[in-house]
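**Q** Dumping the structure here so I can ask a few things about it.
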Amino acid sequence: MHPRAQGIIILITMAACFISTSVVILALAWVATLVAIWREQLWSLYSKFVLFAIVPIFLALGLVWGIAAASPPLVPLEGEGWPGLAYAVLITERIAVMGGVFQLILVPILHSGRIGSFVQQWGLGPTFTHVAISSVALLEEVKRMSVQVVEARKARGLYPDSRFQAMLNMPSLLRPMFAATLLNAGKRADFWQHRSIDPLLIADQSTVDHAWVSRDFWVILVSGLFLMVAVWSRWVVA
């Protein structure tokens, strides 16, 4: 898929999700997103996102707006929990659809190792390219340091056996992990500077020319229809 087509799809989907106030329309968009995720074989990653992000968000919003407040925010109390619960479902569907679209587009880019070239082809400029390359490097550093910190704690017998105790000890793991990560990030920046390594030149060398194909136009068309339906349901029908 062409990088600029990916950027257009992200912008259109975000606009449609924020504009739409229909639970049914967002549910249909979520189903379409799930089908695309299944076809791209990203179901395992997205299921973790649903389990650890979507479900807790829905439970929290449902308790606050559906039971405690019994109405959406900035709306007078109506005495029943259904309006607040519907609003919690709406917000949850927005996050689920946008998260799925981001995974569909960004995960293949990250796996290809050419995040810099993609950002450049999106036309975001050298500053955003530096930020994107540094962020990806920092994420990989965080993953590596987290494994090292956990293994060091296990070797010293300081890592608990139960998952609950491990969750309680998470703050004590974050401090050395982030400290070591930031230290290594500074060393990497110094290394790039002393070796005259320019991430922009590396991004230019790894740039691959992407041609617009029919799939790009079809996906943009479907995203545009989603946006038009969202606008129609909010302002025309209402």
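Taken together, the values in this text are just the output of simple stated rules run on the coordinates, not laboratory data. Being a predicted model, the structure only gives us computed values, none of them experimental. Note that we place each Cβ from the backbone using ideal geometry, even for glycine, and neighbour counts take in every protein chain shown.
**Q** What ranking, highest mean first, results for peptides 4-14, 32-42 when packing means the other Cβ atoms within 10 Å averaged over each residue?
**A** Details: 4-14: 18.4, 32-42: 14.5.
Packing proxy ranking, top to bottom: 4-14, 32-42.
**Q** Please list, or write none, the lysines whose alpha carbon is within less than 28 Å of the alpha carbon of K48, excluding same-chain residues fewer than 8 places away.
**A** K143, K154
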